[in-house]
Each structure stands twice: as C-alpha cells, then as structure tokens.
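The values are calculated or read from the model by the stated rules, or taken from the named source; none is laboratory data. Quick caveat, the model's predicted, so the values are computed rather than measured. Cβ: placed from backbone, ideal geometry, glycine included. Neighbour counts: every protein chain shown. These area figures cover heavy atoms from the full protein model, side chains too; ligands, DNA and RNA do not enter into them. Shrake-Rupley method; radii C 1.70, N 1.55, O 1.52, S 1.80 Å.
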Amino acid sequence: KAVRPDALICVDHEGGRVQRFRTDGFTHLPPMRALGELWMRDALRASNAASACGYVLGSELRACGVDFSFTPVLDLDWGGSGVIGDRAFHADARVVTLLAKSLMHGLLEAGVANCGKHFPGHGFVKADSHTDIPVDRRSLKAILSDDAAPYGWLSTVLTSVMPAHVVY
C-alpha cells in the first residue's frame, strides 16, 4: 500500500479449513456447515452467528490491510464433494443464500469486499479441481435452478464472483 495505495490486497480466508491466517490473534472461525447445522435448530441464531462471523473475519483482515476475501462459498452441499464438504453452508439454496447474505453483511460492515464462489456450482461433483478435472453432467436447467440460484438472489450484496473450475 505504501508503494501503490490502490493495490487490492486479497486472501482466500473463509473460516474452517480454508483460513489462511491462524495465528497472531486471528479468531479460528468454524466451517460454514456449522452455521447451516445451527440453522436447522434456530434460524435467527444462525443468521446472527453468520453476521458475527463475517464481521470478525472482516475486522481482523481489515486491521491487517486486507481489502477483499474470497468468501463465501455458495456451493450447495450435495454430500459427495470432498473439496467443498463442510465449506458449504447447506444443501438448500435458500438457506445458503440467507446465511451467506448475513456473512457478507458482516464483511461489508467491517469494510471488506466478498466473493461468491464457485459459480455456477462445484458442490455436486466429487473431483477436486485442484488435482483433477471435475465434470458435472447435469442439464443446464438443473444447475441454474439449484446450484446457481444463490447468485441471482444475492446480486445486490455480491462484490464479485469466482467461477468454478468444472466442465459442464
């Protein structure tokens, strides 16, 4: 920032197993599935917890000069993807949307931009795109009506979108 004030400092920091900063006072945040499980018991508490997670995540990153975090995961938890797994909030696109919106509000309150990922969805395929070439053979209609639904519903709060590395 001293060399170039307009440089965008970004990190892939979601909480759970994808939390790049783990020491020096950073709060260890739960995987997003924990919020989805809480939703099933108490939706209001889960929404509040998601907002708090977003605010803590954002505040800690902002204090270190980070502008942007590649979170939240908007993939649906179809149950078979090891790479997505507990990073997904839930299997229901409506629950994913509501919890992600709360998380993003917390991030935005802290001054950190967000990134919905992995468009249009990575949660259905088992292969890890870091090591394999995942292929999703479902119809475009199925993918857009299920997996991609949160993107349209969150269009007013999404700062950016990361595409999935999946063959459709």
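Assorted remarks:
- Close contacts from segment 34-54, counting a first residue that is touching a residue at least 12 places away in the same chain (Cβ under 8 Å) and of a type in the set (A, V, I, L, M, F, W, C) and a second that is open to solvent by 40 Å² or more (accessible area, probe 1.4 Å) and assigned to a helix (DSSP H, G or I), with Cβ to Cβ under 6 Å and a gap of 6+ residues or different chains, come to ALA46/TRP39.
- Under the condition of being surrounded by fewer than 14 Cβ atoms within 10 Å (Cβ to Cβ) and either small (Gly, Ala, Ser) or closer than 21 Å to SER47 by Cβ (or both), the residues counted in segment 100-141 number 3.
- Helices (runs of 4 or more DSSP H) lying entirely in segment 90-168 (those with 1 or more residues that are under 21 Å from LEU8 (Cβ atoms) and modelled with pLDDT of 95 or more): 93-109
- Of everything listed in (1) open to solvent by 40 Å² or more (accessible area, probe 1.4 Å); (2) closer than 21 Å to HIS118 by Cα, the single unmet condition for GLY16 is (1).
- Those residues of segment 67-83 which are buried (at least 20 other Cβ atoms within 10 Å of the Cβ), free of Cβ contacts under 8 Å to residues at least 60 places away in the same chain and either over 24 Å from ALA7 (Cβ atoms) or touching a Ser or Thr at 6+ places or on another chain (Cβ under 7 Å) (or both), in sequence order: VAL73, ASP77, SER81
- ASP86 without any contact (Cβ under 8 Å) to a residue 24 or more places away in the chain, open to solvent by 40 Å² or more (accessible area, probe 1.4 Å) and either closer than 16 Å to PRO31 by Cα or assigned to a loop (DSSP other than H, G, I, E, B) (or both): no
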